[in-house]
Amino acid sequence: LLADPAFGERFGRHWLDLARFAESSGGGRTLLFKDAWRYRDWVVAAVNADIRFDRFVAAQLAGDLLAADGTADPAVVEGNLVATGLLALGPTNYEEQDKAQLRFDIIDEQLETIGRTFLGLSIGCSRCHDHPYDPITHADYHALAGILSSTKTLLNETDNVARWIARPLLEPASIASRRAEIDTATARLKAERTKLKKETADTPPNADGVTPAAARLAEIEAELGRLGAELPPRPTAMIVEDRADAADTAIRVRGIEKNRGRVVPRGMPEVFAVDLAIPTGSSGRRELAAWIGRPESALPQRVLVNRVWGWLLGRGIVPTVDNFGASGDPPSHPELLDWLARRFIANGSRLKPLVREIVLSRTYRQAAAEGSADGNRLWSGAVRRRLDAEQIRDGLLAAAGRLDRTVGGLSIVGAGDIDANDTAAQSIEYGYVFDDVRRSVYTPAFRNRRPALFEVFDFADINASSGTRTTSTVASQSLFLANDPFVVAACRAVAGRVVAEAESDEARIERAFRLLLARRPSAGEREAATAFLARTDGEIESWTVLCQSIVSSPDFRFLD
């Protein structure tokens, strides 16, 4: 299972929650992040490749500053660039007219994401004042902010609608060669066009040579149009990069951008007692990433290990997985958390050995605890968990035989055909029809519009870094499973499989349960299904209703 590409898709989705991954900006006039999918695909590939934690962190915080990890592989360099999308994908109002305020708001959002994701701390609470609970001062906040204020996230800071940085990426050699040929031909044609226009600029319309020149100009325009349409747009990625004027920043008193106080050196909060030794002219992102990924730092490793435990068992050893601070919950088993962190480091700071260690444990293999006096805080049994929105959708598609397991690639139909800052982007988002059948990790992640199933079953808040999801149980979920066109169509497809793959009603009932619940029906379930079918005509609609009844049951939505 660890070698299956689906592992990276599943665990990569957990990380995308933390990265507040989205494919539109939200805020103001929403704009499409048409290249965001490259970051998503990088995360999936990185999880499947099981790269070390320090490299995983460094690529996302400072990939533009890294060499090719000691190799000459251009794909590594390109992947490091794409990974910095973590810092560029936040919710942003690019129409904000106070560009200094926009820039500081972006820095604040980036800091909060870094703090919650890697340190389990809400650093953003110190933007306006000292942190009310944790030892992070107002000055500490701006020491970290200086690292990100020395980082360029916006391509410009003067246009009415700001733009993010879209860095051209490498193309296959064949396309690059043809593009060079087209560029040469285009330059030649444009030079000829300019020459002809100059030669005929002061010539009367009926003079000799004007008509042939006009005909040639028309030919040139047609040829330029043909060449321009021959190749797809050059691939680009959303990235960040160091500013040329990297420097320490001034405290914003009460968090107001224009209310400047004293300048503080860039670095970590004093409580960590570490000197990042940031070189002159550098933002400090590389040094920050190195400290987070270093085994001796300890806190980031504990935060990650706790997250993995929570992803696998439904609740972290520290239940407040995004808050390791004073206002968070204490660990139920601190020695276990420390031991897992040491094991994680000893195994090369890699995710897959950690997952293997946890899932082979007796604790993981327990059945759900019933009526535990301590709320199962001490893990007397497993936590009964409801499937998340993606698992429900993918489970329905898989049972229906419709799930497309294609890995990676562009997810928004039409996104590559428009300028990402074009107003047409809004039409794509608000009018989008979610009819793809790939795994849900590839479903377009708009900030202002999502599939109805995602809304009903508590999809992550992609406007902020999120280590856990709300799990609600409300009447609207049962009504949705009984009436939503997507669910009805999936159940009809399952019914079609059941009727086609088995001959007797008894065999079909068993097949339906195995497809939808991965188990055989109990005697009572078999009896109820048989009685229901006896009252119907046994046609496909009857089997569709039976499949919907199974899908609507708690056994489809919950893991024991």
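Only the coordinates and a few stated rules stand behind these numbers; no lab work does. A quick note: this is a predicted structure, and the numbers were derived from the prediction, not measured. Glycine also receives a Cβ, built like all others from the backbone with ideal geometry; neighbour counts cover every protein chain displayed.
Points to keep in mind about this one:
- Span from the segment 407-461 Cα centroid across to the segment 239-257 one, whole angstrom: 33 Å
- Sorted by Cβ density within 10 Å, fewest first, the residues Thr158, Thr473, Thr117, Thr544: Thr158, Thr473, Thr544, Thr117
- Dividing the helix sum by the residues of the chain, where each DSSP H run of 4 or more adds -39500 (n - 2.57), gives a mean residue ellipticity at 222 nm of -15000 deg cm²/dmol.
- Segment 258-390, dipole about Cα centre (Lys/Arg Cβ +1, Asp/Glu Cβ -1), debye to the nearest 20: 420 debye
- Segment 344-355 - phi-based ³J(HN,Hα) in whole Hz, Karplus 6.51/-1.76/1.60, Gly and Pro as x: 4, 5, 5, 8, x, 6, 10, 6, 5, x, 5, 4
- Annotation: amide H-H contacts under 5 Å for Ile239 (H modelled 1.01 Å from N, sequence separation of 5 or more, or interchain): Ile165, Arg167.
- The chain, Cα convex hull volume normalised per residue, Å³: 213 Å³
- In sequence order, calculated HN-Hα J values of segment 536-552 (Karplus, 6.51, -1.76, 1.60; Hz; x Gly/Pro): 10, 8, x, 7, 4, 5, 5, 5, 4, 5, 4, 5, 5, 5, 5, 4, 6
- Close amide H pairs (under 5 Å, H built 1.01 Å from N) link Arg438 with Asp404, residues at least 5 positions away or on another chain.
- Dipole magnitude of segment 476-559 about its Cα centre (Cβ charges: Lys, Arg +1; Asp, Glu -1), debye to nearest 20: 300 debye
- Total charge dipole magnitude, the chain, about the Cα centre, Cβ charges on Lys, Arg, Asp, Glu only, Debye to nearest 20: 780 debye
- Residue exposure sequence - Lys99, Lys195, Lys34 - by fewest surrounding Cβ within 10 Å: Lys195, Lys99, Lys34
- The Cβ shell under 13 Å around Ala368 holds other residues with a net charge of +2, Lys and Arg each +1, Asp and Glu each -1.
- Solution diffusion estimate, µm²/s, Stokes-Einstein, segment 476-559, Kirkwood Rh from C-alpha pairs, 10 °C, viscosity 1.306 mPa s: 125 µm²/s
- Residues whose amide H lies under 5 Å from that of Arg385, counting only those 5 or more places away or on a different chain, are Leu559; hydrogens are built 1.01 Å from N in the peptide plane.
- Shown in residue order for segment 387-400 are the 3J(HN,Hα) couplings computed by the Karplus curve 6.51 cos²θ - 1.76 cosθ + 1.60 at θ = phi - 60°: 4, 7, 4, 5, 5, 5, 5, 5, x, 5, 5, 5, 5, 6 Hz (x for Gly and Pro).
- Global form of segment 299-384, assessed from the alpha-carbon gyration tensor, a/c cut-off 1.5: oblate
- Here's the picture: charge each Lys and Arg Cβ at +1 and each Asp and Glu Cβ at -1 in segment 502-560, and of Ile540, Ala523, Phe558 the one pushed furthest to the positive end of that dipole is Phe558.
- Distance from segment 78-100 to segment 334-351 (C-alpha centre basis), Å: 33 Å
- Exposure proxy ranking, count of Cβ atoms within 10 Å, fewest first, for Glu506, Glu429: Glu506, Glu429
- For the chain, the number of Lys pairs with C-alpha atoms closer than 20 Å, counting only pairs eight or more positions apart or on separate chains, is 5.
- 25 °C / 0.890 mPa s Stokes-Einstein diffusion coefficient of segment 383-489, Kirkwood radius on C-alpha pairs, µm²/s: 159 µm²/s
- Absence of a disulfide-compatible partner, taken as no other cysteine beta carbon within less than 4.7 angstrom, is noted in the chain for Cys125, Cys128.
- Segment 139-193 versus segment 298-319: alpha-carbon centroid distance in Å: 38 Å
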